[in-house]
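Shown next, in structure tokens, is the structure this report addresses.
The values are calculated or read from the model by the stated rules, or taken from the named source; none is laboratory data. Nothing here was measured: the structure is a model prediction, and the numbers come from that model. Positions of Cβ are generated from backbone atoms using ideal geometry, with glycine treated the same way; all protein chains shown enter the neighbour counts. Heads up: the accessible areas ignore ligands, DNA and RNA and are worked out on the full protein's heavy atoms, side chains in. Shrake-Rupley method; radii C 1.70, N 1.55, O 1.52, S 1.80 Å.
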Amino acid sequence: QLAEEQLKGSTRRPTEVNGTGVLAITLLSGGVRESGSTTRVPVQPDTRRVKFKLDLAARDYPRYGVVLQTAEGLRVWSNSNLSLTPDKFVSFEVSAKILASGDYRIVLSGVKSSGARDELDNYYFRVP
């Protein structure tokens with residue numbers, strides 16, 4: 001089942017895949033925080049994993065890196081070896097257990113062939 005919700009200038013598409021315990025959510029490029037509304041990621045007790053798809057403007061890097069942080073800047077999870085999906089998103093999954101209630105930020109970086117990084121965007125969300 002796909003539920004779509006319009007949020008002041010940004011769209012999120014949460015999808016609970018029945019029976020698998022995977023919650024999929026798409027976060028759009030640009031500051032959701034700027035609109036004054038934060039995307040909610042409704043992690044339920046039976047949610048085992050959360051799959052994020054990040055929309056991005058810069059699509060010319062061989063690899064991408066993400067850092068998932070709490071609002072206080074504490075690193076919760078990271079990966080620096082991600083690539084674009086066929087539909088041109090950066091996608092990754094995390095265990096739902098690492099997402100306690102609170103506000104989070106995902107920092108997306110482009111990783112050049114040399115290993116140097118360019119910070120590309122920030123994505124904000126809240127686990128109620």
Run down Val90, Val94 and say which single residue is of a type in the set (A, V, I, L, M, F, W, C), at pLDDT 95 or above, farther than 19 Å from Val43 by Cβ and open to solvent by less than 70 Å² (accessible area, probe 1.4 Å). Val90
Find all pairs meeting these conditions: Cβ atoms under 6 angstrom apart; at least six residues apart or on different chains; first residue within segment 85-112 and under 11 Å from Val66 (Cα atoms) and touching a residue at least 60 places away in the same chain (Cβ under 8 Å); second residue open to solvent by less than 40 Å² (accessible area, probe 1.4 Å) and not acidic (Asp, Glu). Ile106/Val66; Ile106/Leu68; Ile106/Tyr123
Scanning for something open to solvent by 20 Å² or more (accessible area, probe 1.4 Å), farther than 25 Å from Val43 by Cα and not acidic (Asp, Glu), does segment 70-81 turn up at least one residue? yes
